[in-house]
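Take a look at the structure set out below.
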Amino acid sequence: MSEPHLGRILVVEDEPDLAESLQANLSRCNYYVRATTAPAEGLTLINTRDFDLLLSDLMMPGMNGIELLRQALEIDPQLVGIIMTGQATVQTAVEAMKTGAFDYLLRRRAGDNLPVN
């Protein structure tokens, strides 16, 4: 008999490889995960299913992650939202937090040079 899921996560990421990777890795940690590359489909899923967490990319065609979070919170005010981006700015971080994001994560890619302390 399998253990119950720790939570239900919706991943919205326009890069298919990254969306699949996040879904696979979070699923291995015993979360129920749905992933989509389309923000509009993400809103449809939020309208029809119960999620605990929205993990969304910031920069996507058609709708950015902050607008997606804004609309998602209108549907489900209890939803926790995390915005992730590879192109962080203070302005978008502040906007995300004012919109209701729980966190704003800078996503590093393989090969990025990380500062050494």
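A few remarks follow.
- Selection within region 16-50 - exposed (fewer than 13 other Cβ atoms within 10 Å of the Cβ), more than 21 Å from R70 (Cβ to Cβ) and not polar (S, T, N, Q): P16, D17, A24, R28, C29
- Residue satisfying condition, being under 14 Å from L79 (Cβ atoms), in contact (Cβ under 8 Å) with a residue 24 or more places away in the chain and part of a strand (DSSP E or B), within set L10, L45: L10
- Search result, residues across region 48-66 that are within 14 Å of G100 (Cβ to Cβ) and without any contact (Cβ under 8 Å) to a residue 40 or more places away in the chain: I66
- The residues on offer are P61, P77, and the sole one that is part of a loop (DSSP other than H, G, I, E, B) and under 29 Å from P4 (Cβ atoms) is P77.
- Subset of region 87-98 that is closer than 24 Å to I46 by Cβ and in contact (Cβ under 8 Å) with a residue 24 or more places away in the chain - its residue that is nearest to the chain's Cα centre (by Cα): A96
- Selection from region 19-33 of residues that are farther than 18 Å from D52 by Cα and either without any contact (Cβ under 8 Å) to a residue 12 or more places away in the chain or outside any helix (DSSP H, G or I) (or both): S21
Where a number appears in this text, it was derived from the coordinates with a stated rule and is not lab data. Not measured: the values here are computed from a predicted model. Here the Cβ is made from the backbone with ideal geometry for all residues, glycine too, and neighbour counts use every protein chain on show.
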